[in-house]
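Bear in mind that the values in this text are calculations on the coordinates, not laboratory data. On a predicted model such as this, the values are computed, not experimentally measured, just so you know. Cβ: placed from backbone, ideal geometry, glycine included. Neighbour counts: every protein chain shown.
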Amino acid sequence: MNKAWVFFKNYLLIVVALPALAAVLGAVYVAQEVSPLEYRIYTNAWPNLHTPSTVDSIQTAMSDGKITHWENVVLQRAALADTALTTEGATDDLATERAKLKQTIEAGR
């Protein structure tokens with residue numbers, strides 16, 4: 001057991017530890033909420049969305065009250081394919097942009 005630990009420590013620790021650390025940091029990042037600009041993009045795009053699946057995807061992502069980086073990847077591609085995305089009128093306040101998107105979604109129902 002001691003020889004195996006020494007071998008692992010000397011030759012494999014960096015090879016195993018760095019990808020594991022990168023995976024943990026990546027998982028933490030994708031679980032975080034998007035920036036206020038991303039909410040403004042969806043708010044501005046909402047009136048111009050034509051595909052029901054894109055509308056449903058954004059509504060589903062907002063069902064828990066926020067959009068994560070993980071959800072944002074799929075949503076941006078869908079919204080970009082459906083309409084032009086802009087950040088016109090954006091602020092740096094996350095709560096304001098999140099609330100504005102919720103209001104826009106509710107008004108569109």
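I'd like the Karplus ³J(HN,Hα) series for the range 12-23: coefficients 6.51, -1.76, 1.60, θ = phi - 60°, whole numbers in Hz, and an x wherever there's a Gly or Pro.
10, 4, 5, 5, 8, 5, 5, x, 5, 5, 4, 5
Taking neighbour counts of Cβ atoms within 10 Å as a proxy for exposure, in what order, fewest first, do HIS69, HIS50 appear?
Taking fewest neighbouring Cβ atoms as first place, the list is HIS50, HIS69.
When the helix-only estimate is applied to the chain (DSSP H runs of n ≥ 4, each -39,500 (n - 2.57), divided by the residue count), what is the mean residue ellipticity at 222 nm, nearest 500 deg cm²/dmol? If you can, show how the numbers build up before the last one.
Numbers: 6 runs with 72 residues, N = 109.
Taking each H run of at least 4 residues, the total per residue is -20500 deg cm²/dmol.
Could you give each residue of the range 30-38 its phi-based ³J(HN,Hα) in whole Hz, using Karplus coefficients 6.51, -1.76, 1.60 with θ = phi - 60°, and x for Gly or Pro?
So the Karplus estimates, Gly and Pro as x, are 5, 7, 7, 6, 6, 7, x, 4, 5 Hz.
With charges only on Cβ, +1 for K and R and -1 for D and E, what is the dipole size of the range 36-107 about its Cα centre, in debye, rounded to 20?
For this selection, approximately 40 debye.
Given a Förster distance of 30 angstrom, what is the FRET efficiency for ARG77 paired with TYR11, based on the Cβ-Cβ distance and rounded to 0.05?
E(calc), rounded to 0.05, equals 0.15.
Once phi is turned into θ = phi - 60°, what whole-Hz ³J(HN,Hα) does the Karplus curve with 6.51, -1.76 and 1.60 give for every residue of the range 98-103, x standing for Gly and Pro?
Residue by residue, the range 98-103 yields 5, 5, 4, 5, 4, 4 Hz.
Rounded, prolate or oblate: which one fits the chain, using the alpha carbon gyration tensor with axes a ≥ b ≥ c (rounded when a/c is under 1.5, else prolate when a/b beats b/c, else oblate)?
prolate
Along the charge dipole of the chain, pointing to its positive end and built from +1/-1 on Cβ of Lys, Arg, Asp and Glu, which listed residue (LEU25, ASN10, GLN103) has its Cα farthest out?
After comparing all options, I get ASN10.
What does the C-alpha gyration tensor say about the overall shape of the range 49-98? Classify as rounded when a/c is under 1.5, otherwise prolate if a/b is larger than b/c, or oblate.
oblate
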